[in-house]
Amino acid sequence: MSWQNFRINYKKDTKETIMNINLIIKEEVSTQFAMSFSFLKCDTSGNPDSCEFFFKDQRIENACKYFTMKDQSWSGFVGYFDKELKCPLKPDTYRLQNMVLNSSGLDKFPLKDAVWKLNMGGYDKLRKISCAEMEINILTVKKRQNN
């Protein structure tokens, strides 16, 4: 299992930020698929000395059941794939295409201005089959009012 061709593009004409990524499954992933997460919160400079764990080594057993849940923080992400994410995951390329990134889903997360570092792992029958790291900078931008 690997994540490839991760792209984020800003469309000036629509003022939208669009995300695309491919999830490559090379061998079947069983219904025993599990995930682990660690979130680090750092000050807005991203200085490693300022980081502290928000979550550390959180493990989600039976992650498959979460793929089809509605109205969850991850539902929008899962819903943009061209094929249904359903265990067992069959070997294939699952394409997440043209997902609009905006603040509408952020209300499900207790995010404050900071640099957030995410480490994720994927496991099938306790064997590590995937890992990914992501860094997200969250800043509050206030619109200027015309006087």
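Structure notes:
- Identity of the residue in segment 122-136, part of a strand (DSSP E or B) and over 14 Å from the mean Cα position of the chain (by Cα), that ends up nearest to residue 88 (Cα to Cα): 124
- Residue check, residue 45 among the small types (Gly, Ala, Ser) and surrounded by 13 or more Cβ atoms within 10 Å (Cβ to Cβ): no
- Any chance residue 95 is exposed (fewer than 11 other Cβ atoms within 10 Å of the Cβ), in a strand (DSSP E or B), within 16 Å of the chain's Cα centre (by Cα) and not small (Gly, Ala, Ser): no
Quick note: the coordinates plus some simple rules give every number you see, no bench work behind them. Nothing here was measured: the structure is a model prediction, and the numbers come from that model. Neighbour counts are summed over all protein chains in view; Cβ atoms, including those assigned to glycine, are modelled from backbone coordinates with ideal geometry.
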